[in-house]
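Notes for the one structure printed next.
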Amino acid sequence: MVSVKAVSRRFGEQLALDSVSLEVGQGEVFGLLGPNGSGKTTLIRILSGVLLPSSGEATVAGLDVGRRPEAVKAVIGYATQEASVYRDLTVKENLEFRAKLYLESKGVPYAVEQTLQRFGLQPYAHNLAGSLSGGWRQRLAIAQAVVHKPKILFLDEPTTGLDPLSRRILWDLIHEEAKDGTSVLVTTHYMDEAERCGRLALLYEGKIIAQGTPHELEHLAQEQASVAFSQTTLPLDTLRAMPGVLDGWPSGGGVRLILEKGTQLKDLPLQPVYPNLEDVFIVLTKNNAASSALESKEQV
Ligand SMILES: Nc1ncnc2c1ncn2[C@@H]1O[C@H](COP(=O)(O)OP(=O)(O)O)[C@@H](O)[C@H]1O
Ligand SMILES: [Mg+2]
């Protein structure tokens, strides 16, 4: 449903996306995980027909995003990072406004009613969007992105700034949409949320440094490094300076350490732990930084 082949995008000197390739299938929830500035929004904007790639090709529902941006806009739903709801309209009016952009007027009331129900928004139908809490406003933002039942849904950081319970509820709603056959491409910088994606790509400085199922990525990290817990009171700086220690941070009265494979630390008992996605990100970004440092040395 979404196919991206070697897409790059420059802003002046800066390479915001560097030869990104990925595929999202029907009914799949695909996550794009990366820190701020890694290129997530740039990719979503390209796939929405808002921004042209500098090179490479991308199709959405078989439509080339560079050649047919208007046709692309008609088959997708898009909730932007800055919650795209009108605060001075009611919940229902917001949905009607969006529905009218895509649907013939006789189809609008049914679509709006259906969407209010699906998202549990009926009790707030006549409330101003501006009076909703952050979680409910984001729920409305997703609802209005799907009011016209698009085949493909792009959600740019739909849960940023929300509490864990609201985030959970939104993820359930996202999965409901996918169950109906919608392909979802969702960005996040919360590592725990990545676990909820069918597959994901880790984006770092405009490059995809790994992609696969959460389990595959954890496995990949395990091949490249080991993660361990150590019950120690040694200062973090000391630990981080030890040979073989890639990173470490406080965890439950001790430290969680990312270690080069086979590292033993003198007088420090290590308890191996299975990597989570935050560990994966650290392992892969460290290795990536190390290999690009090597590349730039080779270039000199
Ligand atoms: N319109 C633009 N003009 C210039 N630079 C931009 C523009 N949009 C994004 N960038 C730059 O491209 C990089 C990637 O940005 P973005 O895609 O917004 O990242 P993310 O969504 O992952 O935080 C950033 O360094 C950002 O400053
Ligand atoms: Mg962004």
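Per the Debye formula on identical point scatterers at the alpha carbon atoms of segment 188-256, with no solvent, log10 I(q)/I(0) at q = 0.20, 0.21, 0.27 Å⁻¹ is -0.96, -1.00, -1.13.
Given Cα positions, please report Rg to Rh for the chain, the hydrodynamic radius being the Kirkwood one.
1.04
Against the chain, whose longest principal axis comes from its Cα atoms, helix 134-146 is set at around 60 degrees.
Only the Cβ atoms of Lys and Arg (+1) and of Asp and Glu (-1) were treated as charged; on that basis the dipole of segment 2-212 about its Cα centre amounts to roughly 340 debye. Here each label is just a point 7 Å from Cα along the line to Cβ, and for Arg67 and Met242 those points are 5.9 nm apart. Angle of helix 91-102 to the longest C-alpha principal axis of the chain, folded into 0 to 90 degrees and rounded to 10: 80°. Summarise the long-distance tail of P(r) for segment 217-299 by giving the % of C-alpha pairs beyond 20 Å. I get 32 percent for the Cα pairs in segment 217-299 exceeding 20 Å. Taking 0.36 nm per residue of separation and subtracting the current Cα-Cα distance, fully stretching the chain between Lys286 and Arg118 would add 56.2 nm. Between the helical axis of 108-118 and the dominant principal axis of the chain, each derived from Cα atoms, what acute angle in degrees is found, rounded to the nearest 10? Once rounded, the angle reads 40 degrees. Kindly flag which residue pairs out of Lys207/Lys286; Lys5/Lys286; Lys106/Lys151; Lys261/Lys286; Lys100/Lys149 have an alpha-carbon separation exceeding 19 Å in this structure. Over 19 Å apart, Cα to Cα: Lys5/Lys286; Lys106/Lys151.
Suppose R0 equals 51 Å. What FRET efficiency, 1/(1 + (r/R0)^6) with r the Cβ-Cβ distance, do Glu216 and Leu128 give to the nearest 0.05?
Computed FRET efficiency for Glu216 and Leu128: 0.70.
Read-outs: derived from the displayed coordinates by stated rules, not from any lab. Quantities reported herein were computed from a predicted structural model and do not represent experimental measurements. Because the Cβ atoms are built from the backbone with ideal geometry, glycine has one as well, and the counts that use them run over all protein chains shown.
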